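The values are calculated or read from the model by the stated rules, or taken from the named source; none is laboratory data. This structure is a prediction, so every number in the text was calculated from the model and none was measured. Glycine gets a Cβ as well: all are built from the backbone with ideal geometry, and neighbour counts include every protein chain shown. Please note that ligands, DNA and RNA were not included when accessible areas were found on the heavy atoms of the full protein model with its side chains. Shrake-Rupley method; radii C 1.70, N 1.55, O 1.52, S 1.80 Å.
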Amino acid sequence: MANLIKLLALAAILWVIYKLVFGRKPKNVIFEMHFKNGHLQQHSGKIPERFAKECRAIAKKGKLSCVVRAQDSPPVKLHVSPSAGAKYAEQIHAAFPHQQYQSNSPAKA
């Protein structure tokens, strides 16, 4: 019985460590897209349809393996992993609909 309790305690500790190391996600993520060899492998969040299509076309053209993430840390920031390369990262940034995420608050005078 004592061995079973020790085993359960060890399993619980390992699970907590795993969640702390691998379960962390950046705060305020609006969406995230994972590309591998030019194909969209995984995505989460609400991605603007037109931007998703353009990203898939850019990734396919460059056979990219990268992550594209939008975070709401006023203003909204688009992060493209360095593995995409500067040329393709610039194209993805240009395709991003920044005006869609701008706040509707009045401009300061």
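Laid out as a table, the results:
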read-out: Over the chain, relative contact order from alpha-carbon pairs under 8 Å, at least 6 apart, %; value: 21
read-out: Where 17, 30, 92 fall by accessible area, highest first, once all protein chains stay in place (1.4 Å); value: 17, 30, 92
read-out: For the chain, Kirkwood radius (reciprocal of mean inverse C-alpha pair distance, Å); value: 16.3
read-out: Within straight-line cross-link reach of residue 53, aspartates and glutamates at Cα separation under 17 Å, skipping those fewer than 8 residues along the same chain; value: 32, 90
read-out: Loop-resident sites, region 30-109, for trypsin sites (Lys or Arg not before Pro), counting at most 16 other Cβ within 10 Å (DSSP); value: 46, 63, 108
read-out: Residue pairs, from the table 36/77; 27/60; 19/60; 27/87; 19/77; 19/61, whose Cα atoms sit over 31 Å apart; value: 19/60; 19/61
read-out: Extension reserve of the residue 53-residue 11 stretch, reckoned as 0.36 nm per residue once the Cα distance is removed; value: 10.8 nm
read-out: Helix 86-95 axis, angle to the chain major axis (alpha carbon atoms, nearest 10°); value: 70
